[in-house]
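Following: one structure in structure tokens, then a few remarks.
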Amino acid sequence: MQKKSAIPFFIILLVLVVGLAASATTAMAEAKYKLKFVGISRAVDTWPYWEKWAKTVNERTEGQVEVELVSLPELGFGGSELIRLIKTGVVDLAEIYGGYVAGELPLMEILEMPGIFPDAETAKKAILAWKPTEAKVLAQRAGAVLLAMAAYPDQAIFSKKPIRTLDDFRGLKTRVHSVALSQLVAGLGGEPLTIAFAEVYTAMERGTVDAAFTGTKPGYDQRWYEVSKYLVGPISMRPHVSFSINRKTWKRLPKDIQAIMQEEALNIIEKGALEEVEVWNKQGIEKNAEKGMELMPFDDTLREEIKKTLRTKVIPDWLERTKHRTVDGKTSEQLFNEIIAPLVGYKAGS
């Protein structure tokens with residue numbers, strides 16, 4: 001499969017290099033270091049953080065660093081290409097979502113297990129506890145330097161049909177954005193479909209899918225309330241993103257500029273997004289309700305089914321997919337049990 005897609009991908013890379021260079025502004029032409037950043041979407045809450053970071057870095061370096069921001073939809077990508085984009089240097093900086101790149105880097109899906117975190121504080125602790133290991137994964141597999149972590153809200157199901165019982169999941173064509181979510185949907189009896197975030201509105205409008213997973217606020221920002229009726233859940237999870245820079249780009253930057261970029265990444269991106277995510281959760285539910293969506297929280301029975309599927313299907317599948325991936329000689333099971341298990345209260349593989 002990789003052999004079939006290699007040539008077209010690198011042709012696309014060549015076109016992107018030319019296109020991105022042609023679109024640089026006059027101001028960027030004057031900057032000493034001109035960097036390109038790709039993020040998931042301009043229509044989500046993290047985007048202003050990237051803009052603020054780029055502006056602040058430009059100001060603190062007195063115009064030496066200019067960052068051009070572009071989104072995945074603008075490049076015609078769905079997200080699975082992020083590792084190759086940053087590794088090959090087509091972009092210098094990227095917002096890398098663990099669920100999108102789980103095919104290449106399945107270890108990065110450790111935080112994407114649906115329903116794994118009992119509360120928001122545990123989720124935040126897990127993200128920060130896992131961060132040093134993710135930095136090693138990105139360095140080894142993507143040739144990238146991790147600057148900061150961020151997170152998206154809890155995941156809910158925007159559905160055209162009511163979902164009250166396990167039977168309602170049977171055959172439900174459901175958009176997912178990670179392997180773990182796909183395993184959950186399949187385990188509950190649904191039919192998981194992978195569709196790019198920017199294409200979900202049309203897919204739901206046309207009936208290609210019956211329901212779709214995303215954060216409550218991102219779904220609102222994309223106006224999914226226009227093509228769905230029920231907001232089901234949410235499931236407690238924290239889709240995380242790694243704000244990373246190409247290693248070669250990083251090494252050619254002076255130490256003082258590196259320090260500024262790192263400092264502002266932690267202050268603006270990591271601190272800001274991890275604190276704001278709970279606000280987004282609340283806003284997402286309230287704003288979708290204001291637009292007429294019917295809120296449909298999971299009852300105790302469905303919550304137990306989700307928990308059961310997580311432990312008997314989702315996590316075992318992740319362990320199987322990552323069994324040959326190690327960090328510092330530790331297997332995925334060891335990493336989970338050392339870093340995540342103490343926070344969530346149970347061990348993987350036991």
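Each helix, a run of at least 4 DSSP H residues, gives -39500 (n - 2.57); summed and divided by the residues of the chain, these come to -13000 deg cm²/dmol at 222 nm. Global dimensions of the chain from alpha-carbon coordinates: Rg and Dmax equal 20.0, 61 Å. In whole angstrom, the range 270-336 maps to an equivalent ellipsoid with semi-axes of 34, 21, 9, each derived as √(5λ) from the alpha carbon gyration tensor and ordered largest first.
In summary, the lysines within cross-link reach of Lys36, defined as a Cα separation below 17 angstrom excluding same-chain residues under 8 places away, comprise Lys52, Lys55, Lys87, Lys248, Lys251. Can you tell me how the range 31-76 classifies by the Cα gyration tensor, rounded, prolate or oblate, using a/c under 1.5 as the rounded cut? Judged from the Cα gyration tensor, the range 31-76 comes out oblate (a/c at least 1.5, b/c at or above a/b). I want to verify the translational diffusion coefficient of the range 87-148 in µm²/s; compute it with Stokes-Einstein, Rh as the Kirkwood radius over Cα pairs, at 20 °C and 1.002 mPa s. The estimated diffusion coefficient comes to 170 µm²/s. In this structure, the residue pairs whose Cα-Cα separation is over 23 Å, taken from Lys34/Lys217; Lys217/Lys347; Lys136/Lys255, are Lys34/Lys217; Lys217/Lys347. For Ala156, the residues whose modelled amide H falls within less than 5 Å of its own, excluding neighbours fewer than 5 places apart on the same chain, are Thr214, Gly215, Thr216, Ile235.
What GluC sites (Glu not before Pro) does the range 73-106 have in DSSP loop regions with at most 13 other beta carbons within 10 Å? Could the numbers behind the result be given before it?
On the way: sites: Glu74, Glu81, Glu95, Glu104; in loops: Glu81, Glu104.
When the GluC sites (Glu not before Pro) of the range 73-106 are filtered for loop state and at most 13 Cβ neighbours within 10 Å, nothing remains.
Shown in residue order for the range 301-316 are the 3J(HN,Hα) couplings computed by the Karplus curve 6.51 cos²θ - 1.76 cosθ + 1.60 at θ = phi - 60°: 5, 5, 4, 5, 5, 5, 4, 5, 5, 4, 7, 9, 10, 5, 5, x Hz (x for Gly and Pro). Computed from backbone phi, the HN-Hα couplings of the range 39-54 come to x, 5, 6, 6, 9, 10, 5, 6, 4, x, 5, 5, 4, 5, 4, 4 Hz, rounded to whole numbers (Karplus: 6.51 cos²θ - 1.76 cosθ + 1.60, θ = phi - 60°; Gly and Pro given as x). Computed over the Cα atoms of the range 117-189, the ratio of the radius of gyration to the Kirkwood radius (Rg/Rh) comes to 1.09. Applying 1/(1 + (r/R0)^6) with r as the Cβ-Cβ distance of Glu286 and Glu51 and R0 = 25 angstrom yields a FRET efficiency of 0.50.
So for the range 220-314, considering every pair of alpha-carbon atoms, how many percent are separated by more than 18 Å? More than 18 Å apart: 66 percent of the Cα pairs in the range 220-314.
Bear in mind these aren't lab numbers, they're just calculated from the coordinates by the rules spelled out. This one's a predicted model, so the numbers in the text were calculated from it and none came from an experiment. Note: ideal-geometry Cβ built from the backbone for every residue, glycine included; neighbour counts use all protein chains shown.
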